[in-house]
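J.: Let me begin by handing over the structure; questions about it come next.
Just so it is clear, none of the values below were taken in a lab; they were calculated from the coordinates. Because the structure is predicted, anything quoted here is derived from the model rather than measured. Note that each Cβ is placed from the backbone with ideal geometry, even for glycine, and that neighbours are counted across all protein chains shown.
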Amino acid sequence: MDRKRYIILILILGTLSALSPFSIDMYLPAFPAIARDLHTSVAHIQLSLTSYFIGISIGQLIYGPLLDRFGRKKPLYIGLLVYVLASLGCAVTKSANILIAMRLLQALGSCAGMVAARALVRDLFPVGDIAKVFSLLLLVIAVSPMVAPTVGGYVSAAFGWHAVFIILTSIAVLILAGCVFWLPQGREADQQLSLKPKAIVNNFHSVFKHPYFYTYAITGGVASASQYAYLSGSSDVFINYYHVSQKQYGWIFAFIAAGLIGSSQVNSVLLRSFKSEQVIKVALFIQSLVGITLFTATLNGWISEAGMIVLIFLFLCCQGFISPNASALSLAPFAKQAGSASALMGTLQMGIGACASAMVSFLNNGTALPMTGIMVVCAICGCILLFAGSKMISHKIINQPLLTTE
């Protein structure tokens, strides 16, 4: 693959993966405005974020088998079309409950891109390069939290929050066009794969029972749930608790996201000298320490707005090392089942993320304690699961090869 095709492929896979984060981040600054316009509370509007996470979790389980059975592109096209229609529904709604429902459908569409992108990484790149490719994808994905909240803040302030969803619709149409003209097919359709419920369940079970999958997929899911807790609670904390404007919140969000971008690229450099297993252990341990500091300072009232920003920045820097390595280690053993493995991994991560997001909304008390508390719990639990799972791997697959190179 020449350099030009490589760059185009990374950009397409990155934008497919970034569509869902962009859909989350772009409307976060508009939460207070949406709540006022729809005559409800911010906590009620936060449920539209929770419904989005639930939709992604459910949808990925649907698309995984479809991507393995019919190939990567046809299910992807259908998902993107669903996303376009749901985004238009969000733009014209007059009800908070309908917005929550439309966000669920929007998620069911966008998750096709997430599952297909991860499966195509496994299809199109050598196993040894997967973690590096995921780091490059994270570079594209991380542009979302840098750009989306800022754009969302300016757009909602200038044109109203409905315009945010019009822009999301336009972005999805452009991505669909890029997939039609420039995205490779990837692994061919498997006509022998059954879509009967029992066969699908057995297929998912065969993926889940692999020690590398359940160790790194669950660890990555629990650790990344801290990021979703931050996404759910950050607008309320900074706008309503620290009283920053929507535009200022967008810049704060962008600054914090820069840490995620930078660390993901440092991860690519570290992988030249260290294994993914080594990097993820150190990153989770450091993230737990930063999380404990963040929560302790919040609990005792020691933290200012600047201190909150700096500690969250450091916390999410660690996520830039955790996410790509957890994803690579989860998918590495699978060649024929890349779609199902990608779907199951994404479902676990988003399902746990939805729970974290819902807990932040449920515990909302007008302070930063619910957000920072859920963040530190996720980091510590992820660290414990990783070290426990690593011991189980060493006992269960001593004579089993880690990777398949098919």
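J.: How do His44, His205 line up, fewest other C-beta atoms within 10 Å first?
T.: Details: His44 17, His205 10.
Ranked by crowding around the Cβ, least crowded first: His205, His44.
J.: In 5 Å bins starting at 0, how do the alpha-carbon pair distances of the stretch 21-169 split up by percent?
T.: 2, 10, 17, 20, 20, 14, 9, 6, 3, 1, 0
J.: Also: Can you name the helices of the chain, as whole DSSP H runs, whose Cα span along the helix axis is 30 Å or more and whose Kyte-Doolittle mean is not below 0.0?
T.: Correct list, ordered by number: 3-25, 42-70, 96-124, 162-182, 211-235, 246-270, 276-299, 305-331, 338-362, 369-396.
J.: If the only charges are +1 at each Lys and Arg Cβ and -1 at each Asp and Glu Cβ, what is the size of the charge dipole of the stretch 37-162 around the Cα centre, to the nearest 20 debye? Intermediate results must be reported in sequence, preceding the final value.
T.: Values: 9 positive and 4 negative charges, 55 e Å.
Roughly 260 debye for the stretch 37-162.
J.: Sticking with this one: What is the magnitude of the charge dipole of the chain about its Cα centre, with +1 placed on the Cβ of each Lys and Arg, -1 on the Cβ of each Asp and Glu, and no other charges, expressed in debye to the nearest 20?
T.: With only Lys, Arg, Asp and Glu charged at Cβ, the dipole is about 780 debye.
J.: Which entry in (1) 163; (2) 174; (3) 128 is this structure's computed volume of the Cα convex hull per residue in Å³?
T.: Looking at volume of the Cα convex hull per residue in Å³ for this model, the match is (3).
J.: I've got another one for you. Which whole-number percent gives the relative contact order of the chain, counting Cα pairs below 8 Å spaced six or more residues apart?
T.: Working: 700 pairs, mean separation 111.7, N = 406.
Rounded, it is 28 percent for the chain.
J.: Can you show me the helix-derived [θ] at 222 nm for the chain, built from DSSP H runs with n ≥ 4 at -39,500 (n - 2.57) apiece and divided by the number of residues, rounded to the nearest 500.
T.: Result for the chain: -28000 deg cm²/dmol, rounded to the nearest 500.
J.: Please state the charge dipole magnitude for the stretch 98-188, taken about the Cα centre, from unit charges on C-beta atoms (+1 on K and R, -1 on D and E), reported in debye and rounded to the nearest 20.
T.: Roughly 120 debye for the stretch 98-188.
J.: Which of Val121, Val290 has the fewest other C-beta atoms within 10 Å, and how do the rest follow up to the most?
T.: Val290, Val121
J.: Which residue, Phe53, Phe274, Phe208, has the most motion in a Gaussian network model of the chain that connects Cα atoms within less than 10 Å?
T.: Highest fluctuation of the listed residues: Phe274.
J.: My understanding is that a pair violates if its Cα-Cα distance is over 26 Å; which of Lys74/Lys336; Lys73/Lys247; Lys209/Lys391; Lys209/Lys281 do that in this structure?
T.: Listed pairs above 26 Å: Lys73/Lys247.
J.: Now a separate question. Compute the distance from the alpha-carbon center of the stretch 334-375 to that of the stretch 262-290, in whole Å.
T.: Rounded to whole Å, the Cα centres lie 21 Å apart.
J.: If the cut-off is 20 Å between C-alpha atoms, which aspartates and glutamates fall inside it for Lys94, apart from same-chain ones fewer than 8 positions away?
T.: Answer for Lys94, where 20 Å is the Cα cut-off: Asp37, listed by chain and number.
J.: For Tyr249, Tyr52, Tyr214, Tyr77, which order do you get if you count the other beta carbons within 10 Å of each Cβ and list the fewest first?
T.: Ordered by Cβ neighbours within 10 Å, fewest first: Tyr77, Tyr214, Tyr249, Tyr52.
J.: Put +1 on the Cβ of every Lys and Arg and -1 on every Asp and Glu Cβ in the chain; which of Tyr63, Thr372, Pro324 then has its Cα farthest towards the positive end of the dipole?
T.: Tyr63
J.: Could you tally the net charge around Ser327, taking each other residue with its Cβ under 14 Å from the Cβ of Ser327, Lys/Arg +1 and Asp/Glu -1?
T.: +1
J.: Sum up the charges of everything whose Cβ sits under 13 Å from the Cβ of Ser206, counting Lys and Arg as +1 and Asp and Glu as -1, but leave Ser206 out.
T.: Within the 13 Å Cβ shell, the charges total +2.
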